[in-house]
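The values are calculated or read from the model by the stated rules, or taken from the named source; none is laboratory data. Treat the numbers as computed from the prediction; the structure is a model and nothing was measured. Heads up, the Cβs are rebuilt from the backbone with ideal geometry, glycines too, and the neighbour counts pull from every protein chain shown. We work out accessible area using only protein heavy atoms, side chains counted, and drop any ligands, DNA or RNA first. Shrake-Rupley method; radii C 1.70, N 1.55, O 1.52, S 1.80 Å.
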Amino acid sequence: MSDVLAITEHRRGELRDVSFELVTAGADLVGDTGGDLHLAVIGGDTDGFAEELSLDGVDTIHTVTEGDEFNHDVYVQAVTELYEELDPTYVLIGNTVNGLDYAPAVAEGLDLPLVTDAVGLQNDGTLEVTREMYASKVESTIEVNADRAVVTIRPGEWDATEAAGEPAVEVFDFTLDESRVRSRVTGFEEVGSGDVDISEADVLVSVGRGIEEEENIELVQDLADALDATLSSSRPIVDNGWLPKDRQVGQSGKVVTPKVYLAVGISGAVQHVAGMKGAENIIAINTDPDAPIFDIADYGIVGDLFDVVPELIEQFE
Ligand code: FAD
């Protein structure tokens, strides 16, 4: 029997999608071995979040009413105390900016091994973690030769759990050691077009080097508007300074998992594909029928984007 403690994530008053994916990953893991799935909600609207997270497969939700937003020191202390109290075999955390900020500190403090960026988990006596290597060209499976571990899971790799359940909700008895809190969130300031989070978008229209000139981006933005979609891009567009960095999809950009990903003039280099292959439906427009993007596209249009995009805009409008 192996209990799992999964730490959920929220930002500015909303649970992030990875929280629901952690439920699925955690439930699968306890399904392999038997045991209980515990969730932790730290900070924010803990009661509201606990209600949203009352999902199938969850045994107990532990709420820690401390602060509104993510704080490294609070999370490290709270997760460490939850671990010491609940004694789970595995701690699951999102492989997100926040998760990667505190998971190593938790693992180090508890003297546990840390395995990051899992895309698959199995346990038939020994925990096996699947990870991708060489810009997602190969997968490796790591056997964790330890009784316990902290594992971060890649967002978008597990389906979100939606079915309702009836877990117990318990307020965790936690007293923060203020002397160990070295930073505080005092407010949020949007940077550039930082109001757009491409990793949360349902429909992305993504522009690549096929667009040729900065002024032509407007054409693809018009298509995004016609589809009520968000504009993202490949790296050369960002390197050229035509769009801000937070629009970049890929290995050195963001991992996105929209329902629809429309790649316009993007070749499909491995570093780009690493960021968008989890999209439910991939549509590509490219003049080159041999472009690698067509290998992973569900639908493809071999054609000149300067002909196809205006036609699509007209159709959608
Ligand atoms: P190109 O590869 O130049 O492709 C342009 C495509 O447009 C071509 O397929 C062409 O046939 C097509 N085209 C041209 N004209 C038209 C037209 N009129 N109509 C329709 N199609 C047309 N890249 C990323 O995107 N994200 C990353 O995070 C990233 N990280 C990287 C990290 C590292 C360490 C390295 C080394 C590289 C990284 N790259 C990343 C770069 C990556 O290798 C590619 O160079 C890049 O993805 C190519 O972008 P692209 O597809 O827009 O351009």
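Between D307 and D225, what FRET efficiency follows from the Cβ-Cβ distance if R0 is 22 Å, with the result rounded to 0.05? The partial results should precede the final answer.
Working: r = 19 Å, r/R0 = 0.87.
My answer for the efficiency is 0.70.
For region 215-313, GluC sites (Glu not before Pro) are listed when DSSP marks them as loop and at most 14 other Cβ atoms sit within 10 Å of their Cβ; the list is E280.
The shape of region 203-316 comes out rounded: with a ≥ b ≥ c from the C-alpha gyration tensor, a/c is under 1.5. Sorting 232-240, 43-51 by their mean Cβ neighbour count within 10 Å, with the most densely packed peptide first, gives 232-240, 43-51.
Provide the FRET efficiency to the nearest 0.05 for the D290-M133 pair, computing r from the beta carbons and using R0 = 22 Å. Could the numbers behind the result be given before it?
Details: r = 26 Å, r/R0 = 1.18.
So, using R0 = 22 Å, E works out to roughly 0.25.
Of the solvent-accessible surface of the chain, computed with a 1.4 Å probe over protein heavy atoms with every protein chain present, carbon and sulfur atoms account for 42 percent. Extension gain, E189-L176: 0.36 nm per intervening residue step, less the Cα-Cα distance, totals 2.0 nm.
Only helices reaching 24 angstrom along their own axis (Cα) with mean Kyte-Doolittle hydropathy no lower than -0.5 count here, and for the DSSP H runs of the chain these are 17-33.
Counting only DSSP beta bridges with both residues in the chain, tell me the antiparallel percent, nearest 5. Approximately 25 percent, going by the DSSP bridge assignments.
Probe of 1.4 angstrom, ligands and nucleic acids ignored: what's the accessible area per residue over region 207-317, in square angstrom?
Numbers: 5510 Å² over 111 residues.
Ligands and nucleic acids excluded, the figure is 50 Å² per residue.
If you run the Gaussian network model on the chain, springs between alpha carbon atoms under 10 Å, then out of D295, D28, D202 the most flexible one is D295. Taking all protein chains into account, the per residue accessible area for region 1-121 stands at 35 Å² (1.4 Å probe). Among the trypsin sites (Lys or Arg not before Pro) within region 119-204, those in coil by DSSP and having at most 12 neighbouring Cβ atoms inside 10 Å are K137, R182, R184. Bridgeable lysines around K259 (alpha carbons under 16 Å apart, same-chain partners fewer than 8 residues away excluded): K277. Could you name the aspartates and glutamates in cross-link range of K245, using Cα to Cα under 14 Å and dropping any fewer than eight places away on the same chain? Result set, ordered by chain and number: E190, D195, D197.
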